[in-house]
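Provided herewith is a single structure, encoded as structure tokens, for subsequent inquiry.
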Amino acid sequence: MLNDPFENARKQIDNVAKYLDIDKKTLAKIKTPDRVLKADLKIKMDNGKTRIFKAFRSQFNNAKGPYKGGIRFHQNVSESEVKALSAWMTWKCSTVGIPYGGSKGGIVVDPKTLSTGELERLSRAYMRAFYQVFGAWIDVPAPDVNTTGQIMAWVVDEYQTLVGHQEPAMITGKPLELGGSQGRTEATGLGGFYILESLRRKWKGPTLPKKTTIAVQGVGNVGYWFIEFAKKAGYQIVAWSNSKGGEYKGKKITNDQLLELPVDVLVPAALENMITKENAAKIKAKYIIEMANGPVTPEADEILFKRGIVSLPDVLCNAGGVTVSYFEWVQNNMGYYWGKEEVWAKLKKIMDRSFAEVWAIYQEKKVTPRMAAYILAVGRVVQAMKLLGR
Ligand code: GLU
């Protein structure tokens, strides 16, 4: 299959293995999810008919802590995609040094075609199918593509009803009223903005934000907040797009055209496999900040690197979301809540430190920034597995 996401995720692990002291058995282990669960969710639709929706949960690795990862509602969700996303969650949490493993879930559905009632029944059915493998110290879900705070609220309610006790820390991205964290909604975009600021202090691009041009593909929650923070700091957002198409300096463009614009920074913030070996030679941006998960394929990575284009990886750039999810979980566990300023100051500290750690390896080892992050992240997971005797 062309650009099979899980094959790409496995290739990335093979690539990093060369830089780490990993034996064959451990390598095989960190290329395979611990457990993949599947279910057919049978939902009574508003018209009285029953429809079946395919659902998945992949728990990839929990050497560093409870599994952590969102639930995606999208028509293109597949087992391979969920497995890849669960691997990337493992490396993401490890890159920024938060005490979690990685997981991911999904339902094959276009939620825009459902009524609110159907969406609620589907969300609750997901939790009923998998609740035995969820929990604050087992596996902690969260929002992902097309899933919202309201969906998290239905899901936590279903869980608490099934287990018979309150456990807000079993899920993150909840509404504030239910123990969500201040600043979680903006967190992924804000984390990416902090990376942009760190990058600007190192790069060969313009020194001032107002001289820096940026194109953003995808204005979901992540892209939207990235743009808001970047605009406020004076950066020039010259192009944006959604799933239907976009705009460049007032003119209509396609998503493919957006990727090939002559800008300083390209920000893919939609879905995986956007920059592939087919278009990598045509990218004109000097820097890429990956805000989507898996937007650049391993083949494209190599082409970009040879062309001198610096692509900062998803596991670093979009880790702001899961980092504030971690803060939400910490606050739930202690039952004591922080203000937005405190949350964002803590987020900035983690994003700045993680950028510095990845950048140092990138400079020292002369590898791609992704490889630098993976050397750090996979190395930490392997070390934890050794200590655990796995
Ligand atoms: N779905 C988001 C991600 O891919 C957030 C996950 C979380 O907060 O656990 O990073």
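The values are calculated or read from the model by the stated rules, or taken from the named source; none is laboratory data. In this text the structure is predicted, and so the values were computed from the model without any measurement. Note that each Cβ is placed from the backbone with ideal geometry, even for glycine, and that neighbours are counted across all protein chains shown. SASA here: full protein model, heavy atoms, side chains in, ligands and nucleic acids out. Shrake-Rupley method; radii C 1.70, N 1.55, O 1.52, S 1.80 Å.
Quickly run through region 149-164 and pick out the residues that are away from the ligand (no atom under 14 Å from the Cβ), touching a residue at least 24 places away in the same chain (Cβ under 8 Å) and among the small types (Gly, Ala, Ser).
Listed by number, the list holds a single entry, ALA153.
Can you name every one of the helices (runs of 4 or more DSSP H) wholly within region 291-390 that holds 2 or more residues which are within 16 Å of the ligand (Cβ to nearest atom) and open to solvent by 10 Å² or more (accessible area, probe 1.4 Å)?
The helices (runs of 4 or more DSSP H) meeting that bar are 320-334, 340-365.
Which residues, counting only those in region 68-97, are under 24 Å from ALA153 (Cα atoms), touching a Phe, Trp or Tyr at 6+ places or on another chain (Cβ under 6 Å) and among the aliphatic types (A, V, I, L, M)?
Result: VAL82, single match.
In this structure, is GLU272 out of contact with any Lys or Arg (no Cβ under 9 Å at 6 or more places or on another chain), modelled with pLDDT under 95 and either closer than 22 Å to ALA215 by Cβ or open to solvent by 50 Å² or more (accessible area, probe 1.4 Å) (or both)?
yes
Only one of these is within 18 Å of the chain's Cα centre (by Cα) and charged (D, E, K, R): ASP139, ASP157. Name it.
ASP139
Here are LEU196, LEU261: which of them is surrounded by 18 or more Cβ atoms within 10 Å (Cβ to Cβ) and not in a helix (DSSP H, G or I)?
So the residue among LEU196, LEU261 that is surrounded by 18 or more Cβ atoms within 10 Å (Cβ to Cβ) and not in a helix (DSSP H, G or I) is LEU261.
Exactly one of these conditions fails for ALA239: (1) in contact with a helix residue (DSSP H, G or I) (Cβ under 6 Å, 6 or more places away or on another chain); (2) under 21 Å from LYS92 (Cβ atoms). Give me its number.
(2)
Checking the conditions here, which among GLU177, GLU186, GLU228, GLU197 is of a type in the set (Asp, Glu), under 22 Å from GLU342 (Cα atoms) and within 15 Å of the ligand (Cβ to nearest atom)?
Answer to the check: GLU186.
Which strands (runs of 3 or more DSSP E) does region 50-148 wholly contain that include 1 or more residues that are crowded, with 24+ Cβ neighbours inside 10 Å and within 12 Å of the ligand (Cβ to nearest atom)?
Answer list for region 50-148: 71-74, 102-108.
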